[in-house]
1. With a point put 7 Å past each Cα toward its Cβ, work out how far Cys464 is from Ser382 in nm, to one decimal.
2. For the stretch 160-254, what is the accessible area per residue in Å² when the probe is 1.4 Å?
3. Helix 418-443 versus the longest principal axis of the chain: what is the Cα-based angle in degrees, 0 to 90, to the nearest 10?
4. Using a 1.4 angstrom probe, figure out how much accessible area the stretch 50-98 has per residue, in square angstrom, rounded to the nearest whole.
5. At a 1.4 Å probe radius, carbon and sulfur cover how many percent of the accessible area of the chain?
6. Which one, [x] 23.5; [y] 27.1; [z] 24.9, gives Kirkwood radius over Cα pairs in Å as derived from the coordinates shown?
7. Measure off 7 Å from each Cα along the Cα-to-Cβ vector at Ala220 and Glu526, then give the distance between these two points in nanometres to one decimal.
8. Distance between the C-alpha centers of the stretch 458-475 and the stretch 29-70? Whole Å please.
Amino acid sequence: MGKDEVDASVVSEAAGGGSEDGSSIKDADAQRLEQLGYKQELNRSISSFSNFGATLSIVSIPAATYPLFYYGLTTGGPAAMLISWPIVGFLSVSIGVSLGEIISAYPTAGGVYYWSANLAGPRLAPIVSFFTGWFNFVGQMGLTAAASYAAAQLIVACFYAGGVLNVVDYPSTGMFYVGIVNVVNFGILLASGLINTVGVKLLGKVTSLSVFFNIGGMLASVIAAVVMSPTHIPVADLFSYFVNETLMPDSYCIAISVLVACFTFCGYDSAAHLIEETAAAETGGSVSIVSTLITNVPLGFFVLMGLLTTVPADPDALVELALAPNSTSVIVDVITTATNVPFGLFLIAVVALSIAICAVSMVATHSRMIFAFSRDGAIPFSEFFHHLSPARVPARAVWFAIVIDTIICLPSLGAATAFTSLTTIGTVGLYISYAFPIFFRVLHMKQFKRGPWHAGVMGPILACIAVLWVCYVTVVLNLPTSNPDPFVATLFNWAPVELGGLIILFTGFWVFSARKWFKGPKIDLETLKRFEAAGVFASA
């Protein structure tokens with residue numbers, strides 16, 4: 001039987017056996033990819049460090065905590081922010097390690113979408129991979145839009161802090177403010193698209209630099225604020241400094257306070273979406289995910305602690321800062337007040353640049369996800385989006401991502417909670433997509449063959465913890481974030497409505513169309529043999 005005659009849903013072993021002793025790492029990566037069912041189409045010229053840089057810039061502490069600082073101050077205050085951080089961090093590491101094990105076994109750009117198909121088994125592969133892929137698509141969309149919008153908010157806030165604009169004439173609830181933020185946001189997305197279109201080498205350089213901008217800019221802003229601030233709250237007092245402005249019971253407030261940490265610790269599947277362009281794929285992606293989380297959990301805790309020592313000690317003043325910052329951004333007010341306006345604005349500019357680079361990385365991973373999804377025919381106009389430019393980048397997928405990320409930011413023109421909704425959609429969408437392959441990795445433990453990177457006997461235990469944690473997050477992050485009386489539509493958390501609408505759309509797409517023709521991604525032959533031997537969902 002010729003290669004073209006093999007069933008599309010099952011992959012034959014790579015022809016020609018193993019690579020020779022003198023084969024390069026890239027050849028070995030390409031051969032492994034062929035064993036998983038795909039040719040080496042993308043340009044494999046991203047180093048493991050660049051992959052780590054892209055992952056770190058996406059799982060970015062300033063990109064998540066700085067724009068959501070106001071949310072943390074009013075939803076539990078310093079106490080909830082500091083106590084929830086290490087808890088969410090540990091639970092996120094359980095997800096990261098679980099995904100690290102799977103990416104080592106299946107290093108493809110399809111990421112969770114491909115993994116779900118292989119781990120669910122041939123019979124369930126189409127429906128499980130379809131919904132996993134669309135949840136991942138929605139999550140990537142929300143996260144990319146939130147990152148670019150956060151950078152735009154910081155940039156615009158600098159004009160307020162510098163005196164060019166003021167909140168009296170141009171309040172943050174007015175159309176002028178949200179309009180200019182959307183214009184700047186579009187500029188950031190446009191630049192992100194151009195960088196991603198030029199070629200993977202430029203992208204690799206940008207993501208490598210992001211490590212230094214991300215950590216360096218953040219640490220500089222925190223250290224300067226702590227050293228130069230005229231007043232400080234004792235660290236011990238922070239853990240009892242509880243503020244609840246949600247108009248909900250304290251227990252409810254504590255439950256939903258996890259958004260700041262959850263939004264930070266998501267997006268690490270980006271390591272997988274770039275894996276077909278990364279050398280040493282079977283270990284590089286796993287190391288990127290786990291290294292990013294191990295770096296950010298303690299680092300983020302001390303960053304938050306440092307910044308929170310400089311906020312007002314009086315709860316009323318703290319709430320006023322959170323709800324009505326002079327610069328339209330709480331974090332800009334905190335840093336410029338602690339230091340001085342010129343130096344503080346310089347620090348914020350560096351942080352804004354690091355968040356903009358986060359958006360560049362997010363566009364890269366989102367476009368690779370679209371490319372991988374389209375090559376299996378899972379989205380409308382798949383043949384159009386499964387295309388590489390002369391620079392061997394998925395340019396059409398890049399600009400499709402730019403268009404939809406721009407569009408979903410437009411609701412900010414009419415709702416004050418738009419950014420919180422974006423973060424919730426991105427976080428929940430990604431977390432659900434992570435849960436699918438991890439769940440089936442536990443359910444079909446005997447059919448899962450570990451790659452060279454694994455967690456040993458702790459793997460299944462951490463996977464179970466990860467699935468339970470995702471279930472909790474999915475519920476609490478879709479709950480209302482405030483309870484004003486009477487009801488105020490612009491303050492309502494519209495994320496569950498928006499997310500529900502998207503779920504209805506792609507469920508309808510499955511029921512009325514995709515289920516009739518979508519077969520799922522290609523399944524590794526060795527994986528198929530293990531399912532057939534066990535008699536588990538052995539037939540498609």
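The values are calculated or read from the model by the stated rules, or taken from the named source; none is laboratory data. Worth saying up front: this structure is predicted, and the values here are computed from it rather than measured. So basically every Cβ, Gly included, is an ideal-geometry build from the backbone, and we count neighbours across all protein chains shown. Note: accessible area is taken over every heavy atom of the protein model, side chains too, but ligands, DNA and RNA are not part of it. Shrake-Rupley method; radii C 1.70, N 1.55, O 1.52, S 1.80 Å.
1. Between Cys464 and Ser382, the simple spin-label model gives 3.7 nm.
2. 51 Å²
3. 30 degrees
4. Heavy-atom SASA per residue in the stretch 50-98 reads 14 Å².
5. 69 percent
6. This structure yields the entry labelled [x].
7. Calculated label separation equals 4.7 nm.
8. 23 Å
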